[in-house]
1. Residue 42: surrounded by fewer than 13 Cβ atoms within 10 Å (Cβ to Cβ) and more than 15 Å from the ligand (Cβ to nearest atom), yes or no?
2. Give all pairs with beta carbons closer than 6 Å in which a residue from the stretch 88-100 that is within 11 Å of the ligand (Cβ to nearest atom) meets a residue that is of a type in the set (Lys, Arg) and modelled with pLDDT of 95 or more; count only pairs at least 6 apart in sequence or on separate chains.
3. Name every residue in the stretch 1-56 that is of a type in the set (Val, Ile, Thr) and touching a Ser or Thr at 6+ places or on another chain (Cβ under 6 Å), in order of residue number.
4. Looking at the stretch 132-140, can you tell me whether even one residue there is buried (at least 20 other Cβ atoms within 10 Å of the Cβ), in contact (Cβ under 8 Å) with a residue 12 or more places away in the chain and touching a strand residue (DSSP E or B) at 6+ places or on another chain (Cβ under 7 Å)?
5. Could you pull out every one of the helices (runs of 4 or more DSSP H) wholly within the stretch 149-204 that has 2 or more residues that are out of contact with any strand residue (DSSP E or B) (no Cβ under 6 Å at 6 or more places or on another chain) and at pLDDT below 95?
6. Output the residues belonging to the stretch 107-129 that are within 14 Å of the ligand (Cβ to nearest atom) and either out of contact with any helix residue (DSSP H, G or I) (no Cβ under 8 Å at 6 or more places or on another chain) or in a loop (DSSP other than H, G, I, E, B) (or both).
7. Applying the selection to the stretch 160-182, what residues are touching a Pro at 6+ places or on another chain (Cβ under 7 Å) and farther than 20 Å from residue 16 by Cβ?
8. Those residues that are within 8 Å of the ligand (Cβ to nearest atom) and either buried (at least 21 other Cβ atoms within 10 Å of the Cβ) or hydrophobic (A, V, I, L, M, F, W, C) (or both), I need them from the stretch 14-39; list them, please.
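The values are calculated or read from the model by the stated rules, or taken from the named source; none is laboratory data. Computed from a predicted model, the values in this text were never measured in an experiment. Glycine gets a Cβ as well: all are built from the backbone with ideal geometry, and neighbour counts include every protein chain shown.
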Amino acid sequence: MRTGVIGTGRIGSTLARILVAAGHEVVLANARGPRSLGPLLAELGPAASAAHPAEAAAQAELSVLMVPYASVRGLLPSAAVQDKVLVDATNAFSGGGKPADLGGRASSELVAEWYPGARVVKSLNTMHFETLAVAGTAEGERLAHFTAGDDEKAKEIVAGIIADLGFAPVDTGPLHSGGILQQPGGPLFNRPLTEAQALAWISH
Ligand SMILES: NC(=O)c1ccc[n+]([C@@H]2O[C@H](COP(=O)([O-])OP(=O)(O)OC[C@H]3O[C@@H](n4cnc5c(N)ncnc54)[C@H](OP(=O)(O)O)[C@@H]3O)[C@@H](O)[C@H]2O)c1
């Protein structure tokens, strides 16, 4: 599967590295344009390519948003993600580093409103990039990555990628309730949890 990684900073470049190590293809996009991605492409080899965000999403079967939340709206043309899985790995913070006040909505619900043709799954947003880089191949019990969404098949596709990366996929439920569990301020955010620990938190 070719995955579009939209945003290639701390978390996006990390995801690209572990996807390629797991045998996936990636097409990368950032704000500065494909030429700025030369060094990362050289590191990743032939499984990686670069494009502008709209082209990357169009070329990919599934895309992952790894840009600041404030950059998500209007970033991609709706045709590029129509009927495709769109993983929202972004987190909405206020200026003070606190969770943004979204009036009780899950941040990914708003993403789904901005991209109504896409099959939005909230995932890969809870784990710090330094943990993501190494935990999938570490010894011991697998750490959890979460999926929230209203499209069960889309969540299964994302769960397959999570498993390929060496993590345990854990379904947190619909985009609203699961998204709130996963986003900043929720119990699953930025807390490395095994599958059993994660399920205990979700059932609280
Ligand atoms: N850092 C983590 O551990 C972590 C973990 C989970 C989730 N997240 C979430 O992932 C997102 C990115 O975090 P980060 O720490 O990786 O940030 P970062 O290091 O600042 O990287 C942000 C990336 O987004 C790109 N970008 C920004 N605006 C863009 C636009 N309009 N069009 C295309 N690309 C754009 C930047 O492009 P340039 O490189 O060209 O500037 C950069 O590649 C945030 O929403 C964050 O909450 C972060």
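1. Values: surrounded by fewer than 13 Cβ atoms within 10 Å (Cβ to Cβ): yes; more than 15 Å from the ligand (Cβ to nearest atom): yes.
So residue 42 passes the test.
2. Note: pairs meeting the criteria are 88/122.
3. If we filter the stretch 1-56 for residues that are of a type in the set (Val, Ile, Thr), which is where we start, we get 3, 5-6, 8, 11, 14, 18, 20, 26-27.
Matches in the stretch 1-56: 6, 26, 27.
4. no
5. Working: elements: 152-164, 175-182, 195-202.
Where helices (runs of 4 or more DSSP H) fall fully within the stretch 149-204 and carry at least 2 residues being out of contact with any strand residue (DSSP E or B) (no Cβ under 6 Å at 6 or more places or on another chain) and at pLDDT below 95, they are 195-202.
6. Once the filter is applied, which keeps residues that are within 14 Å of the ligand (Cβ to nearest atom) and either out of contact with any helix residue (DSSP H, G or I) (no Cβ under 8 Å at 6 or more places or on another chain) or in a loop (DSSP other than H, G, I, E, B) (or both), the stretch 107-129 yields 110, 111, 114, 124, 125, 126, 127, 128.
7. Of all residues in the stretch 160-182, those touching a Pro at 6+ places or on another chain (Cβ under 7 Å) come to 162-163, 181.
If the condition is that a residue be touching a Pro at 6+ places or on another chain (Cβ under 7 Å) and farther than 20 Å from residue 16 by Cβ, then 181 is the only one that fits.
8. Of all residues in the stretch 14-39, those within 8 Å of the ligand (Cβ to nearest atom) come to 14, 29-33, 36.
Within the stretch 14-39, 14, 29, 30, 31 qualify.
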